[in-house]
Structure formats: structure tokens, C-alpha cells
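The values are calculated or read from the model by the stated rules, or taken from the named source; none is laboratory data. None of these values were measured; they are calculated from a predicted model. FYI the Cβ positions are ideal-geometry reconstructions off the backbone, even for glycines, and counts take in every protein chain you see. For the accessible areas, the whole protein counts, side chains as well, though only heavy atoms, and no ligand, DNA or RNA atoms are used. Shrake-Rupley method; radii C 1.70, N 1.55, O 1.52, S 1.80 Å.
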Amino acid sequence: MNDLSGIDRLSARGGRASVADRVLNAFDLHRHIAVSGDIPVGSPIDGSILGGLKAARPAEIQTAIAAASDAFPQWRDTPAPVRGELVRLLGEELRAHKEELGALVSLEAGKVTSEGLGEVQEMIDICDFAVGLSRQLHGLTIASERPGHHMTETWHPLGPVGVISAFNFPVAVWSWNTALALVCGDPVIWKPSEKTPLCGLACQYLFERAAARFGAAPKGLHQILIGGREVGEALADSPAIKLVSATGSTRMGRVLGPRVAARFGRTILELGGNNAVIVAPSADLELAIRGILFGAAGTAGQRCTTTRRLFVHDSVYDALVPRLKSAYAAITIGDPMQAGVLVGPLIDEAARDGMVATLDKARASGAVVSGGERVELLELAGGFYMRPALVEHPADVTNVMEETFAPILHVFRYTDFEDAVRRNNDVPQGLSSAIFTTDLREAGRFISAAGSDCGIANVNLGTSGAEIGGAFGGEKETGGGRESGSDSWKAYMRRQTHTMNYSSELPLAQGVDFPI
């Protein structure tokens with residue numbers, strides 16, 4: 001029998017206990033939570049534990065894969081605009097449950113209220129995008145060199161897709177993949193992060209509501225598997241899973257990528273980011289401060305697009321950095337569900353320890369650290385609240401190569417524009433980048449082939465906050481994957497070239513003669 005007494009441990013202060021009860025009821029999550037289990041579930045807001053969830057066993061994983069394979073033929077043969085109707089209904093469910101799902105994101109991932117709601121809005125937006133896409137899965141007509149021949153290229157459903165998501169965007173990244181995969185004709189198996197499993201179960205609940213209204217979704221079209229590494233390994237190893245889309249650390253990608261490639265499967269890898277902002281002499285400093293502050297401190301520095309490095313031209317350094325320090329000192333840190341709070345907790349103790357170790361290393365190299373201390377909140381004593389840190393490095397330290405998933409901004413001076421671009425690029429990761437400048441030549445150079453080598457390059461806005469209309473992803477150790485908008489849908493389909501001979505002759509290509 002389930003025991004929900006753990007809700008009381010979410011602390012009634014600020015109404016969190018009642019919010020927790022409300023969102024658990026909204027998605028019928030009570031039935032999943034036991035007194036104990038393989039996967040603990042709780043909130044980083046105060047470290048409270050609700051209980052536990054049962055992890056999927058090996059036989060259950062294989063049953064899910066088989067069910068997805070069985071669902072594929074029916075879904076593949078369903079017309080794409082009809083598939084889009086299911087996604088439209090999913091978008092309606094998300095609209096109707098936006099407040100509750102946003103609150104669950106805040107409770108389980110520690111995001112401030114506006115970011116939790118914003119993540120759900122992103123899900124709604126990608127559903128709208130995918131519904132339109134369901135009538136635009138177009139190919140090409142290609143000129144044939146042979147008379148009486150017609151050549152075309154088309155796209156067909158790929159097969160079951162495995163989605164592995166991370167805690168920092170516990171629902172949005174799933175929706176990027178799932179909305180597109182469904183309209184492309186692919187069943188989905190999802191392994192949410194072990195740190196945010198309730199968000200996953202809530203999305204499964206909403207999908208099932210949409211599928212019931214749709215009425216023609218095959219069994220096994222969308223499934224969720226709660227568990228750890230063993231679930232990801234099973235998805236990576238199964239030939240039935242045609243594509244594995246995984247979001248996480250570069251370390252995870254180094255293991256998963258080759259494992260899928262060994263069986264010639266496909267991957268979309270969204271891995272680490274070590275994102276930089278360049279502030280040029282002509283920059284609008286008010287704009288720069290706002291963009292840098294959200295990019296570096298938003299989501300407690302736990303976005304893959306978080307601003308990690310800041311290159312400030314020597315001529316504006318003394319005008320920008322002191323104001324940035326003042327803005328850092330004014331950031332409100334605390335319960336993310338309280339009005340006015342901008343930064344909530346880190347996800348866990350390991351994240352806190354990683355931040356502390358990085359700051360200690362910086363100090364040892366001669367850096368001056370502003371902020372970075374633990375914020376003690378008695379009513380939230382079990383949470384890990386850290387003031388965002390600004391690290392000014394000495395002249396002999398010119399870059400930081402490693403990403404720390406915490407609110408740490410490494411600050412450097414520069415004098416030469418080309419040198420700043422080189423330092424932006426001279427790291428293993430290549431996700432997001434930005435420049436603040438009103439110099440048209442600098443802006444053009446930054447987004448040219450000779451400029452930023454990242455998958456995202458912004459001008460006069462920060463590194464975070466991508467819209468769903470553009471393809472999201474990066475280069476180098478970021479993995480090279482692309483999700484969400486533009487033509488990212490092609491990753492979920494297979495390309496086929498057709499040549500039709502409508503003549504009574506059989507000319508060969510390239511003028512080859514083969515008389516018989």
C-alpha cells in the first residue's frame with residue numbers, strides 16, 4: 001500500500017505541501033509512489049523525500065521494446081496528418097495542465113516558477129510546430145540525366161526511438177523528441193532522469209489522456225521506463241531501437257555513442273556546453289548585463305546553454321564587471337516557488353561539491369572569486385543553495401576548458417577581437433555562444449564560418465533561451481546532435497531515393513553501355 005506521509009516532509013512553508021499534494025493528484029502519481037523503492041523521489045527545494053519508485057526490470061525493458069516494435073507498422077501506415085492530430089491533442093492536454101506540470105517541474109527540479117511554466121510552454125510550442133510539420137514532411141524532385149526517367153527523394157518513418165533525458169529540463173527535451181518522432185511515424189520509449197521521474201510519469205499520464213481521446217493509437221506507441229543506467233544500456237544495445245536521442249554529460253555520450261554505433265544505430269547526442277559571451281567595446285552594457293546575468297545564473301547555472309565564460313574587452317572591463325558584481329549580489333536566492341526568487345537550489349550535494357571544488361581550484365590559481373558561498377536557509381536546510389559566483393582570472397589564465405554544472409562565470413580580459421573568437425572556440429565543447437556589439441563587422445564576423453564554431457551563435461542576446469523554431473544542438477564534444485525546429489525532423493526518418501522509368505528504353509546512367 002502506498003504511503004504519502006512523505007508529502008508532509010516537503011514542508012508546509014509557502015504552501016509547498018499543498019502544492020505537492022495538488023500536483024500529485026493532478027497526474028494520479030500517488031499510485032506510483034511507495035514508502036521505499038529503487039529510485040527515491042523528492043524535492044531539491046528542502047531535500048525532502050516522498051518515497052520511492054520501482055525501477056524497470058530487464059524483462060520489463062525488453063517487453064517495452066517489443067511493444068514499440070509491434071506498434072510501429074500500424075503507426076508507420078497511419079497518414080502523417082492523422083498522426084499530427086494525436087500531437088495536437090497532447091498539446092491541448094499540456095495547455096490544460098500547464099500550471100500543475102510547471103509546479104511539478106519546480107518541486108522536482110528546483111526551477112523558479114516562471115522557468116517551470118516556461119518549460120511547459122516550450123512543450124506546447126513544439127506540439128504546435130509538429131502538428132504543422134505533419135503536413136510538410138516533404139521530399140525532393142531531382143532532375144534525371146536519363147530521358148524518360150523521373151527521380152524523387154522521400155522520407156519514411158524510421159522505427160522505435162529511445163529518448164534519454166536529463167534532470168535540468170525534465171519535460172521539454174522529451175517533448176522536442178516525442179512530438180517530432182510521433183508525427184514522423186515512430187513509437188517512443190522514454191527513460192527520464194532518475195532525479196526527476198515524477199515529471200516523466202506526469203507526461204506519460206498526459207500522453208495517455210491524449211491517446212484515449214485520439215482513439216486509434218496502437219498499444220506501445222509511447223512508453224516510459226523508470227530506472228538508471230541499465231535502461232539506457234538496453235536501449236543503446238537493442239537493434240529494434242533505430243535512434244537513441246540522449247541528453248547528458250560528455251562522459252555519458254562517450255559511452256553511449258560508440259555502443260549504439262557498434263550496431264550501426266543512430267544517435268542524437270546533446271552533451272556538455274562550455275558557453276562563452278564576448279563583450280565588445282561598442283556593446284550596449286545594459287543589454288549585456290541582463291543577458292549575461294540570466295545566461296550565467298538562470299536555472300542555478302544548470303542549463304547546458306548556461307554562460308560559463310565571459311570575455312570582456314579591456315576598454316569596457318572596468319565599466320561592466322563592477323556593475324555585474326552588484327547585479328550578482330542583488331540576486332534573490334531561495335524557495336523557487338516563492339515570488340521574487342530568481343535562483344533556486346542546485347539539484348543535489350554532488351552538484352554543490354563540484355561547484356566548491358571548482359572555486360577552490362580557481363582561487364589556488366590566483367583568481368578573485370565574488371560570491372560562491374552557500375546560502376543558509378533554515379526552513380530549507382536540506383536544499384543546496386549557492387550564491388552564483390563570478391571568477392576574475394589573472395592575465396596568465398586565458399581560458400577554462402572544463403564545464404562545471406553550477407552557477408560559475410569565469411571572467412577574462414581581451415584586447416583583440418580575433419583572439420576573443422579564438423578563445424571562444426578553443427575549448428572541447430561547442431554548444432552556444434554570444435557577442436554583445438553594435439559593430440556590424442564584428443557581428444557579421446562572429447556568425448560567419450570564420451567566427452564562432454558553436455551550433456548556436458547569438459548577437460546581442462545571451463547564450464540561453466533558444467526558441468523551438470531553430471535546430472538546437474552543438475558541435476565537437478557537445479555531440480553534433482540537433483533537436484526541435486528547422487529540419488531536425490529528418491533525424492527521425494529514413495531517406496529513400498526513387499527512380500521511375502516511364503519510357504520503353506533502358507538507358508544506363510553515366511552513358512554506360514551494356515548490350516545483350
Kindly evaluate Ala56 against the criterion of being open to solvent by less than 10 Å² (accessible area, probe 1.4 Å), of a type in the set (Gly, Ala, Ser) and within 22 Å of Leu221 (Cβ to Cβ). no
Using the structure shown, decide if Val35 is surrounded by 15 or more Cβ atoms within 10 Å (Cβ to Cβ) and modelled with pLDDT under 95. no
Would you be able to say whether some residue in segment 170-180 is more than 30 Å from Gly511 (Cβ to Cβ) and outside any helix (DSSP H, G or I)? yes
Only residues that are of a type in the set (A, V, I, L, M), in contact (Cβ under 8 Å) with a residue 12 or more places away in the chain, under 28 Å from Arg423 (Cα atoms) and open to solvent by 50 Å² or more (accessible area, probe 1.4 Å): list them for segment 358-397, please. Val368, Ala395
Based on this model, can you work out whether Ala443 counts as over 17 Å from the mean Cα position of the chain (by Cα) and of a type outside the set (Asp, Glu)? yes
Looking at Ala471, Ala434, can you tell me which residue is open to solvent by less than 50 Å² (accessible area, probe 1.4 Å) and more than 16 Å from the chain's Cα centre (by Cα)? Ala434
If you take the residues in segment 269-287 that are more than 22 Å from Ala166 (Cα to Cα) and outside any strand (DSSP E or B), which one is least open to solvent (accessible area, probe 1.4 Å)? Ala280
Qualifying positions in segment 134-169 - under 12 Å from His222 (Cα atoms) and either in a strand (DSSP E or B) or aliphatic (A, V, I, L, M) (or both): Val161, Gly162, Val163
Taking segment 42-53, which residues are assigned to a strand (DSSP E or B), open to solvent by less than 10 Å² (accessible area, probe 1.4 Å) and either farther than 17 Å from Gly228 by Cβ or at pLDDT below 95 (or both)? Gly51
Go through segment 289-319 and give me each residue that's surrounded by 22 or more Cβ atoms within 10 Å (Cβ to Cβ), among the hydroxyl-bearing types (Ser, Thr, Tyr) and outside any strand (DSSP E or B). Thr299, Thr305, Thr306
Across segment 67-104, what is the number of residues that are of a type in the set (Val, Ile, Thr) and surrounded by 22 or more Cβ atoms within 10 Å (Cβ to Cβ)? 1
Give me the pairs, please: first residue somewhere in segment 340-356 and closer than 19 Å to Leu409 by Cβ, second residue anywhere and hydroxyl-bearing (Ser, Thr, Tyr) and surrounded by 15 or more Cβ atoms within 10 Å (Cβ to Cβ), beta-carbon distance under 6 Å, and either six or more positions apart or on two chains. Pro345/Tyr385; Gly354/Thr404
